[in-house]
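Note sheet for the following structure.
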Amino acid sequence: MRKRADKDFREKIRHNHERFQDKVRSKDSKLVLGKDISKKDNPKAERSPNQKISPKTIGKERQKRAEHKRRNFSENLYTRNTEVTSGEKLPSKEDSKTVEEVKEKLTKTGKKQASKKLKTATKKKNLSYLRSFSKGSEVVRDYLSQGSEDNQGVEAGEKTADFSAKLIRGTRRYAEKKRDRKGFRLEKYNRKTKERKSKLIFEESEGVRKASDDSQRINAYKRFQKKRQMKESIQSKYKTRLRDRLKDGLLGAIKSSKEVMIRNAKGFMLIFLSLIILGTFLMNFSVMSLSGMMNSSSGVLSTSYLSDPNVLTEVNQQFESMEEGLHDEMNSVQKNHPGYDEYIIQKDKEIGHNVHELLSYVTSRYGEVKKARDVEDILKDLFQRIYSLSYREKIEIRYKTVKENYVDREGKIRSRSRLVPYEYKKLFISLKKKEMDTVIREIFEMHPNNVSHYEALLSAKGNMESFFGSGNANTSELILNPDFENPGIAFNEESVKALFNEAEKHIGKKYVFGANGPNNFDCSSFVCWSFTHSGVKNMPRTTAYDIYKSYCKPISKSEAKAGDIIFFKNTYKSGTPISHVGIYAGDGMMIHAGNPIRFVSIDTPYWKEHFYGFGRVR
């Protein structure tokens, strides 16, 4: 019973093995031939399942199957990559014949060049051999990998084929790099050879040209031109010029980049589209995030004076000086125009201006002002458009009663009166003033953008209302700003302390020409008031020039100290050498009746230009 069971077990194993082999043969026959293997090549097809098989028969069958596989092997069927690269065919007899024919046709002068080309072609073929061997090793490896799970020997063969493929691939890459390096050196050598050849040809041609009679008859400049033309023609022929090499390199780069773009057109398009989408998103995001900030910053810029406040103060001071000159001219008309019986001043409006209208006009027309003198012509033009001063003389024939004595017939002295005609001269001083806003709009009539900017500045007062006040005609307005205060100068002498205590009480008050205080002052009345009411010196109201002549002793700038008086010239046409005055505080500062009364530096360009001198009160 035991023997019979063993026999049945062996037959079952043999039966399973035969079924597996039949499946493998049917699969191989479909892959290789697309049909079943013939009975001649497959002896097992004739054998019944219960037929006994000897070891010799099994060996013969295995040998026949191996021969069948070798006979029906096709690379295209057992490789994953069925594409065959062009130019990788094995060398044939026809190729060797072609090479021999080419060798026979070569001339003696071109043998070296042809041999180089032949070597290059041979190396390329060698590289193609390596590439073919590498492909072959990969095919073997892929084929063996199909049965590596069932057989350790097949797995070892797969590893060997993989190592062989990697080795051959590395060898091929090394050979390609070596070929590229050699090609580069060869190209460099060819270029130097062309340069030497062109140089030799040029020297030879130059010698022939110099020996010719025509060369000796022409002048030096024409010889130079001929030499240059000949040199350029030779260099152009052999392409040894730098621009020729650059041109060839550029064309090569364009060609290679074109090939790369064609090969990777799909990838480039995806990258390009991605960049466009990303850029559009970033632009929209940045516009949305920055629009608010840009609008706010542009609004602040369009409504703010662009210049430094101290420079704008000097600009306003210049315009006020012109108005002071006009005031002085009208008040001195009797002195300047004597001989009239009556002076009649006619003015429709008071002299003065809105400081914000002036500064808005200057900013909207000129922009940022670095120095007050840069806009001097603009201010003069504006002043002449606003103010118009005219003189008109009128002579009237009037009669006056004259008493005279006479002797009558009786010899008595008698008196009588009679009307005597005489000329009565009148001088009419007429001042006409246009509103500054009206004049500015007339100037900007053809420039709507300037008008818009001017209106924006004026409505916001240049964002400097704390520095220049409201700008209206209210002379009682007090402009309080920490920048107008004493910058920290300490006074030692008691008299100087008392003087500045009185002067600093009026900081922020508006300047009014001809005012005597205490609500408003002009420059000279402010100095006189401060000295008188502080008890330092009794100084009745007078002009700046009279203060210098009557109360001061001239001193140098190096001798000046706090409590001295500082004088300026030509701030307006006052008719005297001095037109403005202030009280010196030391450290390059003074307090004066600007608009408003404040501490300022005397080292600015405006005050340096108009500086006259220092005086110490006697």
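The values are calculated or read from the model by the stated rules, or taken from the named source; none is laboratory data. As the structure is a computational prediction, the values presented were derived from the model and not from experiment. Cβ placement follows ideal geometry from the backbone for every residue including glycine, while neighbour counts extend to all protein chains displayed. The area values use the complete protein model at the heavy-atom level, side chains included, leaving out ligands, DNA and RNA. Shrake-Rupley method; radii C 1.70, N 1.55, O 1.52, S 1.80 Å.
For VAL536, indicate whether it is assigned to a helix (DSSP H, G or I), of a type in the set (A, V, I, L, M, F, W, C) and surrounded by 15 or more Cβ atoms within 10 Å (Cβ to Cβ). The answer is no for VAL536. Does ASP522 qualify as being modelled with pLDDT under 90 and either out of contact with any Lys or Arg (no Cβ under 9 Å at 6 or more places or on another chain) or among the β-branched types (Val, Ile, Thr) (or both)? So ASP522 fits the description; yes. Inspect segment 299-313 for any residue being in contact with a Lys or Arg (Cβ under 8 Å, 6 or more places away or on another chain), open to solvent by less than 90 Å² (accessible area, probe 1.4 Å) and modelled with pLDDT of 85 or more and give the result as yes or no. Looking for residues that are in contact with a Lys or Arg (Cβ under 8 Å, 6 or more places away or on another chain), open to solvent by less than 90 Å² (accessible area, probe 1.4 Å) and modelled with pLDDT of 85 or more, one finds at least one in segment 299-313, hence yes.
Only residues that are open to solvent by 20 Å² or more (accessible area, probe 1.4 Å) and more than 51 Å from the chain's Cα centre (by Cα) were counted in segment 480-501, giving 8. Assess whether LYS426 counts as being among the charged types (D, E, K, R) and open to solvent by 80 Å² or more (accessible area, probe 1.4 Å). Here the answer is no, as LYS426 does not meet what is asked. Scan SER579, SER601 and give me the residue that is assigned by the TED database to the domain that holds ASN486, among the small types (Gly, Ala, Ser) and modelled with pLDDT of 90 or more. Every option except SER601 fails the conditions. Whenever a residue of segment 480-504 is more than 12 Å from MET590 (Cα to Cα) and without any contact (Cβ under 8 Å) to a residue 60 or more places away in the chain, its partners that are open to solvent by less than 90 Å² (accessible area, probe 1.4 Å) and part of a loop (DSSP other than H, G, I, E, B), lying with C-beta atoms within less than 7 angstrom and at least six residues away or across chains, give the pairs LEU480/GLY508; LYS497/PHE491; ALA498/GLY535; ALA498/VAL536.
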